[in-house]
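Down below is the structure, laid out as structure tokens.
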Amino acid sequence: MLSLESLAQRYRLAQNRWRFARALPDIFRTPQSSLGHDRFVLLSMVHHRDVGPYLLAVKSLLAFLSPYRIVVVMDPTITREDKFALSENIRGIEFLRTQDCRDPRVPEGGCWERLLAISDLVQHDYTVQLDADTVTLDRLSEVELAIERGESFVLGTEDNQQFVSCDQAADWARGQVSAERHVQIHCEANLDRLPSQQNKRYVRGCAGFSGFAPQCFSRESVRELSATMEGLVGRRWSDWGTEQFASNFFVSNSSKAMVLPHPKYCHPLRELPGTVFLHFIGYVRFQTGRYAEVTKSVLKALSASGTNR
């Protein structure tokens, strides 16, 4: 039998989810956004259920950044109506089919298709990966500077995170390993077994908002990492979460890279005055009413400006 505290928590979660669901549909009625002139590509992988949240994420970001291309890797659940709605809201948006982004030497699903799409795009352009469950609140000065300098970036998960050697990362992860732990821990515990790992580094960031400098990795480097890690962790290499490990690895080993400062960029339970970017990651998404609150704020700003530019 559930305790009163558990029942109250369930009620709060349901109420916060309902408030967000009630506010979100107005995003489809906000002014159309268009492409900018800054030399970078904004890419996201979008599922049918994420079309509304994605528009909130991308339109809030476009108030502060101006990519010259916006690309969506379409999950197979995307419908013709979804595609029309996205095109009506973002003039010039491009679409890639998930099946066209796959590689027989890399796991299928688990967001691997977006990383493979990025590996192709970064051969010519700086590319930013944006999750659909994010909201930009204010100017992203660190991101602007990273794009200008050709410096990769990753979303931090703790205060004062820094890149460490593969030996250090593996040593920490081995202390966390158990059979039931997430596959990312098992991958990290094997970082010191990678070829030439002495010259490599790593940070336990979040792939939900990452920037990739031109030519910082390639499709072939994805294949090589995938083959090596599959040999180290076996069948679990196809589990959800390995793409985030790979994304962190490629950002970490760019010639220039930074971890976005936390909690200036964070999830809503870590938010402080001065936070400019929120990631409403699943397990905290509706613990408070913040998602609905920022949705209303973004809608109000978009309607007042008449455009995202």
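The values are calculated or read from the model by the stated rules, or taken from the named source; none is laboratory data. Keep in mind the model is a prediction, meaning the values are calculated, not measured. Please note: Cβ atoms are built from the backbone with ideal geometry, for glycine as well, and neighbour counts cover all protein chains shown. The accessibility values were calculated without ligands, DNA or RNA, using every heavy atom of the protein model including side chains. Shrake-Rupley method; radii C 1.70, N 1.55, O 1.52, S 1.80 Å.
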Taking only the alpha carbons of the stretch 70-201, what extent do you get along each of the three principal axes, in Å, biggest first? 50, 37, 28
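Could you grab the Rg to Rh ratio for the stretch 16-57? Cα atoms only, Kirkwood for Rh.
Result: Rg/Rh = 1.04.
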Whole-percent carbon and sulfur contribution to the accessible surface of the chain (1.4 Å, no ligands, DNA or RNA) stands at 49 percent
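Using the Cα centre as the reference, give the magnitude of the dipole from point charges on the C-beta atoms of the stretch 231-299 (Lys, Arg: +1; Asp, Glu: -1; all else neutral), rounded to the nearest 20 debye. Please report the intermediate quantities before stating the final value.
Numbers: 8 positive and 4 negative charges, 7 e Å.
It works out to roughly 40 debye.
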Could you give me the radius of gyration and the Dmax of the stretch 174-309, taking only the C-alpha atoms into account and expressing both in angstrom? 18.4, 55
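How would you classify the stretch 232-282 from its alpha-carbon gyration tensor, with a ≥ b ≥ c the square roots of the eigenvalues: rounded for a/c under 1.5, else prolate if a/b is greater than b/c, otherwise oblate?
Oblate shape, in that a/c is at least 1.5 and b/c is the bigger or equal ratio.
Looking only at Cα atoms, what is the convex hull volume of the chain per residue, in Å³?
On the way: hull volume 45.2 nm³, N = 309.
Taking only Cα atoms, the chain has a hull volume of 146 Å³ per residue.
Quick check for me: using +1 on Lys/Arg Cβ and -1 on Asp/Glu Cβ, what's the dipole size of the stretch 184-309 about its Cα centre, in debye to the nearest 20?
Details: 16 positive and 9 negative charges, 75 e Å.
Taking the Cα centre of the stretch 184-309 as origin, the dipole is about 360 debye.
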Cβ charges +1 (Lys, Arg) and -1 (Asp, Glu), total dipole of the stretch 1-104, debye: 280 debye
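Would you calculate the volume per residue, in Å³, of the smallest convex hull containing every Cα atom of the stretch 134-238?
138 Å³
Output the direction-averaged projected area (hull surface divided by four) of the convex hull of the alpha-carbon atoms of the stretch 1-113, in nm². Write down the numbers at each step before the final one.
Working: hull surface 41.1 nm².
Orientation-averaged projected area of the Cα hull: 10.3 nm².
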Are there chymotrypsin sites (Phe, Trp or Tyr not before Pro) in the stretch 198-256 that DSSP marks as loop and that have at most 10 other Cβ atoms within 10 Å, and which are they? none
So how long is each side of the stretch 195-246 along the principal axes, counting just the alpha-carbon atoms, biggest first, in Å? 30, 25, 21
Calculate, for the chain, the solvent-accessible area per residue in square angstrom, rolling a 1.4 angstrom probe over the heavy atoms of the protein chains. 48 Å²
Have a look at P195, W172, I90 and report the one farthest towards the positive end of the charge dipole of the stretch 56-203, computed about the Cα centre with Cβ charges (Lys/Arg +1, Asp/Glu -1). P195
